[in-house]
Amino acid sequence: MNEFKNPEARPCLLKLPKPIRDLLAEDGLNRYPQEACGALFGSLEQEVVQVNGYAPLSNIAANPLHAFVFDPAEWVRCCYNSDLVGIFHTHPTSPPCPSLSDMEGLQYFGSLLSLYLIGSSIPEGNGSVQTKEPPGSPDGLYLNAYSVARRSNGSYFLENLIMSY
């Protein structure tokens, strides 16, 4: 995992190449109406996280229409990859903003992550940072990016990231 030299410094910019974004959109579409989920790989340089790869993971949630749970064997393999920077999942029936169950799950694996992406075909109306698609390639995916941060009490929370393609 990428460690921050200064725990107060967190990524504020995500560089997400269009081919990786296309993989996220395709995975979400292929698994609709269930939540798609997977691991993001890349690098962390100062305040910029660069995503270079995506590995779809099986969603073994009891109700995959409204939740995601990684297949444990697949997730453990990802955790041994030193390039693990984050996760991605979709919200098929709601906007791409963290749900209560997303925030609860983050408490278990937040220490492993720098990046948290949520995708949806439903736009968000509260003015947070999001993008529908890179210029010239409409695909219907709204994507929100978040930096994983830790409070002084040890709990994890999410902060908006700016995306660049």
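We did not get these values from a lab; they are worked out from the coordinates using the rules stated. Source: prediction; values computed, not measured. For neighbour counting, all protein chains shown are included, and Cβ atoms are generated from backbone atoms with ideal geometry for every residue, glycine included.
I'd like the antiparallel share, as a percent to the nearest 5, of DSSP beta bridges with both residues in region 13-164. Beta bridges within region 13-164, antiparallel portion: roughly 70 percent.
For region 63-110, the calculated P(r), taken from all Cα-Cα distances in 5 Å bins from zero up to the bin holding the longest distance, is 5, 16, 29, 25, 17, 8, 1 percent.
Output needed for region 13-164: three equivalent-ellipsoid semi-axes, defined as square roots of 5 times the C-alpha gyration tensor eigenvalues, in descending order, whole Å. Could you put the intermediate results ahead of the total?
Working: eigenvalues 80, 68, 53 Å².
Its equivalent ellipsoid spans semi-axes of 20, 18, 16 Å.
Restricting the calculation to Cα atoms, every distinct pair contributes to the Kirkwood radius of region 12-74, found to be 12.7 Å.
Each of the trypsin sites (Lys or Arg not before Pro) that DSSP puts in a loop and that has at most 11 other Cβ atoms within 10 Å breaks the chain; the longest unbroken stretch is 6-150.
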